[in-house]
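Visitor: Before I ask anything, let me first share the structure, which is written out below as structure tokens.
The values are calculated or read from the model by the stated rules, or taken from the named source; none is laboratory data. Nothing here was measured: the structure is a model prediction, and the numbers come from that model. FYI the Cβ positions are ideal-geometry reconstructions off the backbone, even for glycines, and counts take in every protein chain you see.
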Amino acid sequence: MKKERPTFRDELEHLEAIVRALEERDIDLDEALKLFEEGVARLKSARSLLQDAEVEVKRVIEQADGTIKTAKLDT
Amino acid sequence: MGGVDLFDTSGSASAEGAWSVREVTRRARQLIESGLQRCWVRGEISGLKAYQSGHWYFTLRDAQAQVRCVMWRTDNQRLGPPPEDGTEVFVEARPTVWEERGEFRLTVKTLIPTAAGGLWQLQLERAKAALARDGLLDPERKRPLPAFPQRIAVVTSPDGAALRDILSVIGRRWPAAAVWVVPTRVQGEGAEDELCAALERLHRIPDVDVAIVGRGGGSREDLWVFNSERVARALAAVPIPTISAVGHETDVTLTDLVADLRAPTPSAAAEAAVPDRGAVLDTVDGLARRLGRSLTGQLDMGSQRLARTEDRLAGVIGRLLERSTARVDAVSARLDALSPLKVLARGYAVARDGRGRVLKSVAALRPGLDFRLTVADGEVDARVTKGES
């Protein structure tokens, strides 16, 4: 089971931290620009996680040895 | 009459120390109440009277005995109309003594006609009490649901309306989620075992954020597996937050009590499990605006700092320049004053020999020597005619 994409929660938490840092801290301009760029990237990723998504539906199957596997579920 | 020893049952030994009626009935009540816990009693109702106040008074009897009962309005109001005389019921009651009448009596808290699944209800109450004893119904056990679930397990029948409703709500509100269906029968023969096994399976499915357990509406019998104590315990053991959603009924099942959240329907469970995409996008937009503003703020701060630095630099350079100009002026004034031309202008002359050496003494100006004389506006040739006089 691979964990491929970042989760929406991760992106949102990062984004919030970046905004807080930019709002509250007196930081180096270079760093500020770098943070901003990262913020924009997170923002884009967070939006796309919500917008492009389609619910993935799977059926959980337990195999004879007790391990779990999933299969497509026809709905 | 404080300080009475409850278990001093010796009473008054002589007429002189006679108890009042009030004292003896109060003692009897205290003895009964401390000696007999709340209990379930089975019997037949007779002589039920529902008073204007809403309280019910009746007698519970069987072939050998009878006992007076009261059921207060606060306890009977969810039951509907009072049962008819002759109805066989289970009551959960606290034995007491009605002091005003010196009458042994039951204060009934719960009343279930045996015909209407009374035995089931009795089992349910017993199971509930057992779960409560083990702390499984404690409100502190309730875990908060995750804000942005990624993977949602749904334990239900794969063919049921409940699953369709759940998928449609999640698809509309939070399509970023993955729904993993753990199929199980939810009624009839074998449903209890299957449901327990499905719940146990949740321990082994990785990265599940929240689980919904439930089914659509049905008869009391259809929903009964969700009142199984075994199923309730299996649900309580699930390591992730759970939502129980059984039927469209107002009946609360054991799984409802044990789950972290009780939802009245499967759709409502799905709504509770996921946030609304629109609202979350609004939050994201708000963050985007803050991000933009915060950068502008940082840039403003930077340019203000730059401007301040510029001002300071200009000041320093200005002062430096001023100081050097003054020095240059002073030096050039002095240079000017020292210029030999200035001296010549005042009437002095310089005598030089043919090789350009300045002739500064009488000894150098021997008689007959040709030399050149420089005055302010030019040079002339000259000769020494006479020695020192």
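Visitor: Could you list, in sequence order, all residues of segment B:130-157 that are over 17 Å from the mean Cα position of the chain (by Cα), more than 14 Å from every other protein chain (Cβ to nearest Cβ) and surrounded by 12 or more Cβ atoms within 10 Å (Cβ to Cβ)?
Guide: First, the residues of segment B:130-157 that are over 17 Å from the mean Cα position of the chain (by Cα): B:130-138, B:150-157.
Next, from what is left, pick out any that are more than 14 Å from every other protein chain (Cβ to nearest Cβ): B:130-138.
Listed by number, the residues that qualify are B:130, B:131, B:132, B:136, B:137.
Visitor: Any idea which residue in segment A:27-51 is surrounded by the fewest Cβ atoms within 10 Å (Cβ to Cβ), counting only those that are closer than 18 Å to residue B:174 by Cα and more than 9 Å from chain B (Cβ to nearest Cβ)?
Guide: Within segment A:27-51, the subset closer than 18 Å to residue B:174 by Cα is A:43-51.
Going one step further and asking which of them are more than 9 Å from chain B (Cβ to nearest Cβ), we end up with A:44-45, A:48.
Values: A:44: 12, A:45: 17, A:48: 14.
The selected residue is A:44.
Visitor: If a residue has to be over 30 Å from residue B:278 (Cα atoms), at pLDDT 85 or above and not aliphatic (A, V, I, L, M) to count, how many in segment A:31-66 make the cut?
Guide: 1
Visitor: In segment B:7-37, which residue that is within 30 Å of residue B:111 (Cβ to Cβ) and exposed (fewer than 13 other Cβ atoms within 10 Å of the Cβ) is modelled with the highest pLDDT?
Guide: Of all residues in segment B:7-37, those within 30 Å of residue B:111 (Cβ to Cβ) come to B:25-37.
Those left that are additionally exposed (fewer than 13 other Cβ atoms within 10 Å of the Cβ): B:34-35, B:37.
On the way: B:34: 92, B:35: 89, B:37: 88.
Filtering first and then ranking leaves B:34.
Visitor: Tell me whether segment B:276-291 contains one or more residues that are acidic (Asp, Glu), in contact with a strand residue (DSSP E or B) (Cβ under 6 Å, 6 or more places away or on another chain) and more than 10 Å from every other protein chain (Cβ to nearest Cβ).
Guide: No, segment B:276-291 contains no residue that is acidic (Asp, Glu), in contact with a strand residue (DSSP E or B) (Cβ under 6 Å, 6 or more places away or on another chain) and more than 10 Å from every other protein chain (Cβ to nearest Cβ).
Visitor: Within segment A:52-75, count every residue that is in a strand (DSSP E or B) and either touching a residue at least 12 places away in the same chain (Cβ under 8 Å) or within 7 Å of chain B (Cβ to nearest Cβ) (or both).
Guide: Narrowing segment A:52-75 to residues in a strand (DSSP E or B): A:56-62, A:68-72.
Now restrict to residues that are either touching a residue at least 12 places away in the same chain (Cβ under 8 Å) or within 7 Å of chain B (Cβ to nearest Cβ) (or both): A:56-60, A:62, A:68, A:70-72.
Of the residues in segment A:52-75, 10 are in a strand (DSSP E or B) and either touching a residue at least 12 places away in the same chain (Cβ under 8 Å) or within 7 Å of chain B (Cβ to nearest Cβ) (or both).
Visitor: Still on this structure, I have one more. Does residue B:225 meet the test of being in the same structural domain as residue B:270 (by TED's automatic domain parsing) and crowded, with 24+ Cβ neighbours inside 10 Å?
Guide: yes
Visitor: For the condition in a strand (DSSP E or B) and at negative phi, what is the one hit in B:74, B:96?
Guide: Just a single option satisfies the conditions, and that option is B:96.
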